[in-house]
Amino acid sequence: MLVLVVDSATPAVTAALVRITPDGVAPVAARRAVDARAHGELLAPQVDALFAESGDRPADLAAIVAGLGPGPFTGLRVGLVTAVTMGQVLGIPTYGVCSLDGVGRPAAGGEPVLVATDARRREVYWAVYAGTGERVAGPDVHTPAEVAGRAGELGATAAVGDGAHRYADALGLPLRAEPRYPDPVALAELAAERVLAAAPSEPLTPLYLRRPDAVAATGRKPVLP
């Protein structure tokens, strides 16, 4: 089953085609560009490039898997809107996966690991994963100092992810270079059972974890005395 995977929860804009069978997930084509301010400009051309490389067509897709975040409002919604729109046009199901799981699952190596991505406002989105790759805490958003304390209580022995690179000193854990961003194959693996079972399409509800930076005005200020 040919599946499109998209994620825009981090500065990395990721799109990939994979084939899911009962034997596992096989990558077909992938694109990634790191630019926190160009998610909207990058994702659609990446998807077009995937089909050009693989020789497949959008009509060949059986499902779409999307990273739900957590992530900053503007970037995250680009991937989710793309997934929802394509799913509706093509009449295929969409499935959501926590984006942090796409880092924590491949990073697991027998010991607990902290995954942290940049949440701006000097905070990080974070989760802790057991050595088996199972998420045992999070997702949540806190300052790096607060996360360091929680990660220590949970026995994390290393930190991984873009936020871990940015706040390595504050987190105080050995830093792993990779994976830095969500791995599309790992995201597909987390949704594989649903894809193979042809489970009903899921609403792609974003994990914002806090209010957006921009909010509507609550009232008007008088301009006359």
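Key figures for this structure:
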{"read-out": "Val141 vs. criteria within 12 Å of Asp101 (Cα to Cα) and β-branched (Val, Ile, Thr)", "value": "no"}
{"read-out": "Residue tally, condition of a type outside the set (A, V, I, L, M, F, W, C), surrounded by 14 or more Cβ atoms within 10 Å (Cβ to Cβ) and in a helix (DSSP H, G or I), over region 170-205", "value": "3"}
{"read-out": "Lone unmet requirement of (1) of a type in the set (D, E, K, R); (2) touching a strand residue (DSSP E or B) at 6+ places or on another chain (Cβ under 9 Å); (3) open to solvent by 50 Å² or more (accessible area, probe 1.4 Å); (4) not in a loop (DSSP other than H, G, I, E, B) for Arg77", "value": "(2)"}
{"read-out": "Any hit, region 66-86, residues being in contact with a Gly (Cβ under 7 Å, 6 or more places away or on another chain) and farther than 21 Å from Leu207 by Cα", "value": "no"}
{"read-out": "Arg150 among the basic types (Lys, Arg), in contact with a strand residue (DSSP E or B) (Cβ under 6 Å, 6 or more places away or on another chain) and surrounded by fewer than 24 Cβ atoms within 10 Å (Cβ to Cβ)", "value": "no"}
{"read-out": "Per-region count, region 123-147, residues open to solvent by 30 Å² or more (accessible area, probe 1.4 Å), in contact with a helix residue (DSSP H, G or I) (Cβ under 9 Å, 6 or more places away or on another chain) and over 24 Å from Asp35 (Cβ atoms)", "value": "7"}
{"read-out": "Within region 140-169, tally of residues that are assigned to a loop (DSSP other than H, G, I, E, B) and either under 26 Å from Pro206 (Cα atoms) or of a type outside the set (Gly, Ala, Ser) (or both)", "value": "5"}
{"read-out": "Members of region 171-192 that are over 18 Å from Val13 (Cα atoms) and of a type in the set (Lys, Arg)", "value": "Arg176"}
{"read-out": "Hits in region 1-40 (condition: of a type in the set (D, E, K, R), in a strand (DSSP E or B) and open to solvent by 10 Å² or more (accessible area, probe 1.4 Å))", "value": "Arg19, Arg31, Arg32"}
{"read-out": "Candidate set from region 44-71 (those that are in a loop (DSSP other than H, G, I, E, B) and in contact (Cβ under 8 Å) with a residue 60 or more places away in the chain); member that is surrounded by the most Cβ atoms within 10 Å (Cβ to Cβ)", "value": "Gly71"}
{"read-out": "Whichever residue in region 80-122 is of a type in the set (Ser, Thr, Tyr) and part of a helix (DSSP H, G or I) and, among such residues, is most open to solvent (accessible area, probe 1.4 Å)", "value": "Thr85"}
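The values are calculated or read from the model by the stated rules, or taken from the named source; none is laboratory data. On a predicted model such as this, the values are computed, not experimentally measured, just so you know. FYI the Cβ positions are ideal-geometry reconstructions off the backbone, even for glycines, and counts take in every protein chain you see. Accessible surface areas use protein heavy atoms only, side chains included; no ligands, DNA or RNA. Shrake-Rupley method; radii C 1.70, N 1.55, O 1.52, S 1.80 Å.
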